[in-house]
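This report refers to the structure that appears directly beneath it.
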Amino acid sequence: MIDLIAIIVSIIGLLDAGYLSYSKLNSIDLVCTKAIGDCNSVNASQWSTLAGIPIAYLGMASFAALLFLTLFGKKIKFLTPYTDFLYFFITLVGFLFSAYLTYIEAFVLKTFCQWCLVSALMMTILFSISVIKLARRQRQ
C-alpha cells in the first residue's frame, strides 16, 4: 500500500514539475490563483535556477528517480540493497531544498507559487514514506 501511495505522489510531483519545466522552457506564464500568490514572479526570480539549471528540471529528475526506484528498485539486483537508502537520500535533499525554497517564497519574495507548494508537499509526503520504509527495514 505504501508503494502505491509513493507511485501516485511521485506521478503528481512529476506532472507538477513537468508543468513548471514546460513553462520555464517555453517562457510562458503559469496558470496561477492570485489568492495564493504570484507564480510567475516566483518562477522568474533568481531562486528559480541553480547553477543555471531551472529548479523545475531538478524537481522533474527527482520525482522521476523516485518513481523509478519505487517501480524497479527491488527488481534490479545491484540496486536492491541500496534502494531504500537512495530513496531516503533523494527525498531528504528534496525535502530540505523545498523547505528552503518555501522559506524564500514566504520571507524574501513575499509571495507563493501554488505549483511550487504542490511540489514541496509531494516531496514532504515522499520523505515521510522514506522514513517509514527505513524504520520498517530496521525492524526486520
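The values are calculated or read from the model by the stated rules, or taken from the named source; none is laboratory data. This structure is a prediction, so every number in the text was calculated from the model and none was measured. With ideal geometry, Cβ positions are generated from the backbone for all residues, glycine too; neighbour counts draw on all protein chains shown. With ligands, DNA and RNA removed, areas are computed over all heavy atoms of the protein, side chains included. Shrake-Rupley method; radii C 1.70, N 1.55, O 1.52, S 1.80 Å.
Residue selection: residue 88 satisfies the criterion of being in contact (Cβ under 8 Å) with a residue 12 or more places away in the chain, out of contact with any strand residue (DSSP E or B) (no Cβ under 9 Å at 6 or more places or on another chain) and open to solvent by 50 Å² or more (accessible area, probe 1.4 Å). Among the criteria (1) under 27 Å from residue 129 (Cα atoms); (2) open to solvent by 30 Å² or more (accessible area, probe 1.4 Å); (3) among the charged types (D, E, K, R), the one residue 38 does not fulfil is (1).
Picking from 138, 114, which residue would you name as being more than 14 Å from residue 13 (Cα to Cα) and of a type outside the set (Phe, Trp, Tyr)?
138
In the stretch 96-140, which residues are open to solvent by 20 Å² or more (accessible area, probe 1.4 Å), part of a loop (DSSP other than H, G, I, E, B) and touching a residue at least 12 places away in the same chain (Cβ under 8 Å)? Correct list: 111, 112.
Annotation for the stretch 57-75: at least one member residue is open to solvent by 70 Å² or more (accessible area, probe 1.4 Å) and modelled with pLDDT under 95.
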